[in-house]
Amino acid sequence: MDKRYQHESVEEKWYSFWEKNSFFTPNVDHGKKQFSIILPPPNANADLHLGHVMYTVEDILIRYHRMKGDASLWLPGADHAGFETQFVFEKKLQKSGKSRFDYDRDTLYKMIWDFVYENRGNMENQLRRLGFSLDWSRQVFTLDPEIIKIVHRTFKKLFDDGFLYRSNRLVNYCTRDGTGFSDLEVHYIERNDPLYYLKYGPFVLATTRPETKFGDTAVAVHPEDKRYQKWIGKEIEVEGLIGKFKLMVIADQAVDPKFGTGMVKVTPAHDMADFEMGQRHKLPMKQVIGFDGRLTKVAGPYKGLKVAPARQKVVEDLKARGLIDRINEKYVHSIGTCYKCGHIIEPLPLPQWYIKIRPLADNAVKIIKSKKIKFSPKRFEKIALQWLTNFRDWNISRQIVWGIRIPAWKCLDCKNEEWIVTDGTAAENCPHCRGKNLEQDPDTFDTWFSSGQWPFATLKVKNEKDYEFFYPTQVLETGYDILPWWVCRMIMLGLYITGKVPFKTVCLHGLVRDAKGQKMSKSKGNVINPLTMADMYGADALRMALIYGTAFGNDVPMSEDKIRGMRNFSNKLWNIGRFIKMNQDSFQSEKINIAKLSIEKTTQTEDKNILEELKTLTDDVTKSIEEFRFDKGADALYEFIWHNLADKYIEAVKQRLKNYDQKALAVLTCVFITSLKLLHPYMPFITEELNKQLSLKEEQPLIISPWPKI
RNA sequence: GGAUCCGUAGCUCAGAUGGCUAGAGCGUUUCGUUGACAUCGAAAAGGUCAGAGGUUCGAGUCCUCUCGGGUCCACCA
């Protein structure tokens, strides 16, 4: 054995050994308990980042249960990550001077498909590199034809059950990315924008968006506001930049009499609250801002200007005409931006498909409250409930090509507004006029609509028996940051489609941050590349560094120092092994049959002590995995192996070993091998290698050896 | 405005159901390498557990308030 642990030569060897022997592939065996986890699918086109190494937690659970003898399935997949991927691809196009508008839909789709397929293998090999014991034989992709079928069927069922509707309400639209979003993708930021007090006929009212005044279709006051009582229901004449126009004064509860002058301009096409007021008062909509982010012809001479310059120009002209009463320059409010590109989100009227979320969410709340789904750490239950209680209808339409096309058609001949929804097969003719001139909705699904069906979809595609045996899955483990995006939606859709919970326990880890607790980002330059770290210090060290020392569920501060520390631990393990091996060899050269060594009836105090401590360790590690406190197990193992076993016990028995004390070698070997078993879920490679090196007889590989019992 | 997490040694963090002189890693200081490991060992320094009040025989641990951070949510025109 080398003086130092050389992870390079060990890790690859063992992964292919495990994979070739199908240890990752459980059979459907009703005689066994099942333990199943669906891997949160990484983006197919992207490399893994440090956060993905938190999958270690799932690997710990899977390896532990596999050793316990359960039929343990960890099912890998890849996500097409619709908008995210198209965004990345468009950037790439940009670099070569092209844009997505240079290609027709099918060509663009094909180009992205090729792009993703080129990169997909990277991600998969990186998962292997980190030692994750995933069942590759059951691997799935969100754009596999069978998955698409399931997603289509879900859409149709929602439609048939009345949980789906088409609505021309305001959608969160990013004019730069050219697509609408759900509420979750809008990122609100605090910003200073002047609050303009504009003269509106006999009144003054406050707005931050003077450029939308061309879209006003009323002014509103609070119904009980004394100042405006006699005007309610009357029409006022307003002098504007493009001539005089008339507006009705309406009364609505939504108006806050304390804000501004207590009067608000109503622009139903560009403000969520105004839109709702418009609905209540049957106001017309005038769209001032187009989907290209420029003012429309409604704005007369201002047509074609982008929003920001338009505002400037409008303010300038209003000032010149004496139509601005005053300006509050210090006004601060929160404003919606695109979570991806940071551009301001425009609420724009666009027909989209919405899921009626209340019945689904209410059911999810009921299930969680009845403890059919548990959360770990517990505090996340409250957060999930808060989300589920506040969800509003979910817009699942996206104006992008990279995704699953929505299976809905419209007849172009009979002008019927009715949609023909299928389970994916192309609609052939209009049920009203029998016409064949049908047009499919050009939109695709929100990625989260398909990944929200992941637990049952992945188990149904290959083999119905998998679904029967492995569903519901036992644990869903992911970062707490996607609790509303993903976890809540899986619960809602899982319950709706299968009538069962998709998983029994939700286990949420914290975010990996830098050594100072700051978010890692390219712009800050504090990103740690997991593959580089694995190459330098070993995958085991990297895995352990992420688990050790931080209470599970809290954010994990990470530094190269910490990984190096765990590399040192690997080396410590290695040298304990080397010490044992050295003694085994010297015993053998004295013709002692080390295969027959036994720990029975040892009389030495130090032997009894270490064996007693090993019992405690076994108990601690088992409990900490069962309770999802992986950090406690890691701490206990580190402490025991380094300080109890190496520093104290080994030092205590060195003299006995020199004298060929067989009990000493027996106890030492037994304690160490047992520790390796307990450590194997955390650090699979080095433990497997050491077990092989030290085994006295032909032993099973650790990956399938039985979990130690007290 | 609401929710939630956090403030413990120089740094990063552990410290279920309150109970022996408050712990670890890294860092610092001193000493130690001829047969496991310098990616090591032995020892040491270093904390009014953010602050105040309360419950208790006893509080880092429970309650209230204050201060200081982080994160998330909300249709602030």
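The values are calculated or read from the model by the stated rules, or taken from the named source; none is laboratory data. No experiment lies behind these values; they were computed from the predicted model shown. No Cβ is skipped: glycine too gets one built from the backbone with ideal geometry, and neighbour counts run over all protein chains shown. Keep in mind that these areas ignore ligands, DNA and RNA; they rest on the heavy atoms of the full protein, side chains included. Shrake-Rupley method; radii C 1.70, N 1.55, O 1.52, S 1.80 Å.
Take A:GLU560 and A:LEU412, extend 7 Å from each Cα along the Cα→Cβ direction, and tell me the distance between the two endpoints in nm.
6.0
Taking every DSSP beta bridge that has both residues in region A:391-504, what percent is antiparallel when rounded to the nearest 5?
Around 90 percent of the beta bridges assigned by DSSP in region A:391-504 are antiparallel ones.
Under 5 Å between amide hydrogens, which residues at least 5 positions from A:MET520 or on another chain qualify, with H placed 1.01 Å from N in the peptide plane?
Residues meeting the amide H criterion: A:ASP514.
For region A:109-185, what does the accessible surface come to per residue with a 1.4 Å probe? Please give it in Å².
For region A:109-185, the solvent-accessible area averages 39 Å² per residue.
Relative contact order for chain A using alpha-carbon pairs under 8 Å, separation at least 6, rounded to a whole percent?
About 16 percent, as a whole number.
Rg to Rh for region A:446-510: what is it, with Cα atoms only and Rh by Kirkwood?
For region A:446-510, the value is 0.96.
Within chain A, which DSSP H helices have Cα atoms that stretch 30 Å or more along the helix axis and a mean Kyte-Doolittle hydropathy of at least 1.0?
Helices meeting the span and hydropathy rule in chain A: none at all.
For a quick check of your reading of the filter: which GluC sites (Glu not before Pro) in region A:219-261 sit in a DSSP loop and have no more than 16 other Cβ atoms within 10 Å?
Of the GluC sites (Glu not before Pro), the ones in loops of region A:219-261 whose Cβ has at most 16 other Cβ atoms within 10 Å are A:GLU224.
Once you treat every alpha carbon in region A:209-311 as an equal point and sum by Debye, what is log10 I(q)/I(0) at q = 0.16, 0.17 Å⁻¹?
After summing over all Cα pairs, the log10 values are -0.69, -0.77.
Could you give the accessible area per residue of region A:360-475, probe 1.4 Å, as a whole number in Å²?
46
Students often get this wrong, so check it: of A:LYS601/A:LYS692; A:LYS372/A:LYS632; A:LYS33/A:LYS623; A:LYS20/A:LYS504; A:LYS572/A:LYS654, which have C-alpha atoms separated by over 21 Å?
Where the Cα-Cα span goes over 21 Å, the pairs concerned are A:LYS601/A:LYS692; A:LYS372/A:LYS632; A:LYS20/A:LYS504.
Counting only heavy atoms of protein chains, what accessible area per residue, in Å², does region A:232-327 have with a probe of 1.4 Å?
Per-residue accessible area for region A:232-327 comes out at 54 Å².
Largest first, please: the extent of the C-alpha atoms of region A:356-443 along each principal axis, to the nearest Å.
Principal-axis extents of the Cα atoms in region A:356-443, largest first: 56, 27, 21 Å.
DSSP loop (so not H, G, I, E, B), at most 14 other Cβ within 10 Å: list which GluC sites (Glu not before Pro) in region A:110-217 pass both filters.
none
Sequence neighbours fewer than 8 away in the same chain don't count; with that in mind, list the lysines whose C-alpha is under 24 Å from A:LYS98.
A:LYS110, A:LYS306, A:LYS340
For chain A, build the convex hull from the C-alpha positions and give me its volume per residue in Å³.
Dividing the Cα hull volume of chain A by its residue count gives 191 Å³.
How large is the dipole of region A:73-225 about the Cα centre if only Lys and Arg carry +1 and Asp and Glu carry -1, each at its Cβ, rounded to the nearest 20 debye?
Dipole magnitude for region A:73-225 comes out near 400 debye.
Please state the equivalent ellipsoid semi-axes for region A:263-313: what are the square roots of 5 times the Cα gyration tensor eigenvalues, largest first, in whole Å?
Over the Cα atoms of region A:263-313, the ellipsoid semi-axes are 22, 11, 9 Å.
Which percent of the accessible heavy-atom area of region A:145-276 goes to carbon and sulfur, probe 1.4 angstrom?
Here it works out to 51 percent.
If DNA, RNA and ligands are ignored and the probe is 1.4 Å, what is the ranking of A:ILE289, A:ILE599 by accessible area, most exposed first?
So the residues, ranked largest to smallest area, are A:ILE599, A:ILE289.
For chain A, what is the percent of antiparallel DSSP beta bridges, rounded to the nearest 5?
If I count the DSSP bridges inside chain A, around 70 percent turn out antiparallel.
If I compute solvent accessible area with a 1.4 Å probe over the protein chains, what percent of it on region A:442-563 is carbon and sulfur?
50
Label region A:1-104 by shape, choosing from rounded, prolate and oblate, from the square roots a ≥ b ≥ c of the eigenvalues of the Cα gyration tensor; if a/c is under 1.5 it is rounded, and otherwise prolate applies when a/b is larger than b/c, oblate when it is not.
Because a/c hits 1.5 or more and a/b fails to exceed b/c, region A:1-104 counts as oblate.
Around A:GLY240, which amide H atoms from residues at least 5 apart in sequence, or from another chain, sit under 5 Å from its own amide H, with H modelled in the peptide plane?
Residues meeting the amide H criterion: A:PHE245.
Could you size up the charge dipole of chain A around its Cα centre, putting +1 on the beta carbon of Lys and Arg and -1 on that of Asp and Glu, and report it in debye to the nearest 20?
For this selection, approximately 1000 debye.
What residues qualify as long-range amide H neighbours of A:PHE375, i.e. H under 5 Å apart, gap of 5 or more or another chain, H built at 1.01 Å from N?
Those lying under 5 Å, H to H, from A:PHE375 are A:VAL506.
Could you work out what % of the accessible surface of region A:6-100 is carbon and sulfur, using a 1.4 angstrom probe and leaving DNA, RNA and ligands out of the count?
49
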